[in-house]
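> Got a structure for you, written out below as structure tokens; questions coming shortly.
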Amino acid sequence: MRWLLVMALLLSVPGLGCGSRDRGIDLKEAVRTYNQHLRWNRFEAASAFIAIEQRAEWLASRVSSAAGLHFTDIQVLRLQKPDVEEKTVEVLVSLSWYRMPETTVRRATYAQVWQEVEARWRIIEEREVQNADTPPPQWP
């Protein structure tokens, strides 16, 4: 009975209960959803995770370069804990794709920098970080 009271008190203290885990859960879900939208060429849905000031340009570049582009796999390689003060985190993602009529599957690793803005996670930067010999799918 005593341990139940102690647990109830600990969970009611801000930062010790479930509320402190919500940011991580929301981030994981945002990363998963965004990359699944990319995987299936749902660029308009994916654009909801792009910083507002970059969204129109991002969407235009994806739509214009999507002809014949087929993703075969997108994997999250590393998702670290967010920086609490900056509210940012870098996520490493592996992309595999081919562009018709060519059928060679290409692979590259990208760093996605996510930032929490107004309680929502948004991508503020994407850049290729390895496999420089494999050209990315014509994205900035």
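Bear in mind these aren't lab numbers, they're just calculated from the coordinates by the rules spelled out. Model, not experiment: these values are computed from the prediction. Note that each Cβ is placed from the backbone with ideal geometry, even for glycine, and that neighbours are counted across all protein chains shown.
> So which residues in the range 71-120 are hydroxyl-bearing (Ser, Thr, Tyr) and over 16 Å from Phe49 (Cβ atoms), if there are any at all? Step through it out loud before you land on a result.
The initial filter retains those residues of the range 71-120 that are hydroxyl-bearing (Ser, Thr, Tyr), namely 72, 88, 94, 96, 98, 103-104, 109-110.
Residues satisfying the conditions are Thr72, Ser94, Ser96, Tyr98, Thr103, Thr104, Thr109.
> Still on this structure: Is there a residue being touching a helix residue (DSSP H, G or I) at 6+ places or on another chain (Cβ under 7 Å), touching a residue at least 60 places away in the same chain (Cβ under 8 Å) and surrounded by 16 or more Cβ atoms within 10 Å (Cβ to Cβ) anywhere in the range 63-85?
no
> Moving on to the next point. Looking only at the range 33-60, count how many residues are among the aliphatic types (A, V, I, L, M) and free of Cβ contacts under 8 Å to residues at least 24 places away in the same chain.
Start the filter on the range 33-60 by keeping residues that are among the aliphatic types (A, V, I, L, M), which leaves 38, 45-46, 48, 50-52, 56, 59-60.
Now narrow it down to the ones that are free of Cβ contacts under 8 Å to residues at least 24 places away in the same chain: 45-46, 48, 56, 59-60.
Result for the range 33-60: 6.
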